[in-house]
Amino acid sequence: MGKLREYIESAIKIIRSNTLRTVLTMLGIIIGIASVIAIITLGNGMKAYVATEINSIGGNMASVYLDSSKTTATFTQSDADALIEDFPSLIGTSFDIGYDGMASAGKGSRDALVLGVSPAYEYSSGNGLLKGRYFNRDELDSREAVCILMSNDAKKLFGTADAIGMTAELEINDHIREFEVIGIRKDYGDMIMKLLEFEDYPLIIEIPYTTMSDTFAISADYIT
């Protein structure tokens, strides 16, 4: 116990005799620890931000393709339904057929990427519905002319995000049909939207794949 006291007294004397060095050493330690904490915090924050941005464009989605060089078979709706039965953890399955086209409404005409999809495509990305609803299986089977687009795209096409019930003409392969807007998606994350604006991306419009096949004369080989 006596030696411990001597050690403490000796340490105090050394600190008092080298006040400036002691202060600088303590400051260095404090700055070092604070820097490490700040870097870790920033790193974790950036990791979470990037993960959120990626999830907004399909972080929970997996795609399955057939190699046309090895088989002439195509996916069917029965195949999609069977996946749900075999993998109960799946939220749903959807075809995803994309074609370049043109959309026309109150604000004029714009290039559009028209996606022929199934009802489960609603859950394909993190930007869920903001207003309205997604089309259902009955509307898919009856080939209804309904569509869903993002809030920012609705503003570009109609001048407002409150576009539920409004109609737009879609043109693909010289075929034209009027579609009713029944759902408005949230926009992608800020980072993704800024990148898309920089590229002046086409409008992204989702319609039933059955309607796409019938209306725009798209080969049934894609969506048997």
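Would you point out the residue of the range 101-111, among those that are touching a Phe, Trp or Tyr at 6+ places or on another chain (Cβ under 9 Å) and of a type in the set (A, V, I, L, M, F, W, C), that is surrounded by the most Cβ atoms within 10 Å (Cβ to Cβ)? Residue satisfying both the conditions and the ranking: 103.
Of all residues in the range 153-168, those that are in contact (Cβ under 8 Å) with a residue 40 or more places away in the chain have Cβ atoms under 7 Å from Cβ atoms of residues that are open to solvent by 30 Å² or more (accessible area, probe 1.4 Å) and part of a loop (DSSP other than H, G, I, E, B), 6 or more apart or on another chain, in 156/107; 157/107; 158/106; 158/107; 158/166; 159/106; 159/107. Name the residue that is farthest from residue 213 (Cα to Cα), counting only residues in the range 121-160 that are of a type in the set (Gly, Ala, Ser) and out of contact with any Phe, Trp or Tyr (no Cβ under 9 Å at 6 or more places or on another chain). Out of the qualifying residues, it is 159. Just one of (1) farther than 25 Å from residue 90 by Cβ; (2) in contact (Cβ under 8 Å) with a residue 40 or more places away in the chain trips up residue 123, so point out which. Unmet for residue 123, out of (1) farther than 25 Å from residue 90 by Cβ; (2) in contact (Cβ under 8 Å) with a residue 40 or more places away in the chain: (1). Consider the range 91-112 and keep the residues that are hydrophobic (A, V, I, L, M, F, W, C) and under 18 Å from residue 134 (Cα atoms). The one that is modelled with the highest pLDDT is 97. One residue alone among 133, 137, 185 is at pLDDT below 95 and surrounded by fewer than 16 Cβ atoms within 10 Å (Cβ to Cβ), and that residue is 137.
Let's see how each residue does on (1) at positive phi; (2) at pLDDT 70 or above; (3) more than 39 Å from the chain's Cα centre (by Cα):
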{"site": "8", "(1), (2), (3)": "no, no, yes"}
{"site": "15", "(1), (2), (3)": "no, no, yes"}
{"site": "20", "(1), (2), (3)": "no, yes, yes"}
{"site": "23", "(1), (2), (3)": "no, yes, yes"}
{"site": "28", "(1), (2), (3)": "no, yes, yes"}
{"site": "35", "(1), (2), (3)": "no, yes, no"}
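Among the residues in the range 199-220, are any at pLDDT below 95 and more than 19 Å from residue 98 (Cα to Cα)? Checked against the condition, which is being at pLDDT below 95 and more than 19 Å from residue 98 (Cα to Cα), the range 199-220 yields no hits at all.
The values are calculated or read from the model by the stated rules, or taken from the named source; none is laboratory data. All values derive from a computational prediction rather than experimental measurement. Using ideal geometry, Cβ is built from the backbone for each residue, glycine included, and neighbour counts are taken over all protein chains shown. What goes into the accessible areas is simple: the full protein's heavy atoms, side chains included, and nothing from ligands, DNA or RNA. Shrake-Rupley method; radii C 1.70, N 1.55, O 1.52, S 1.80 Å.
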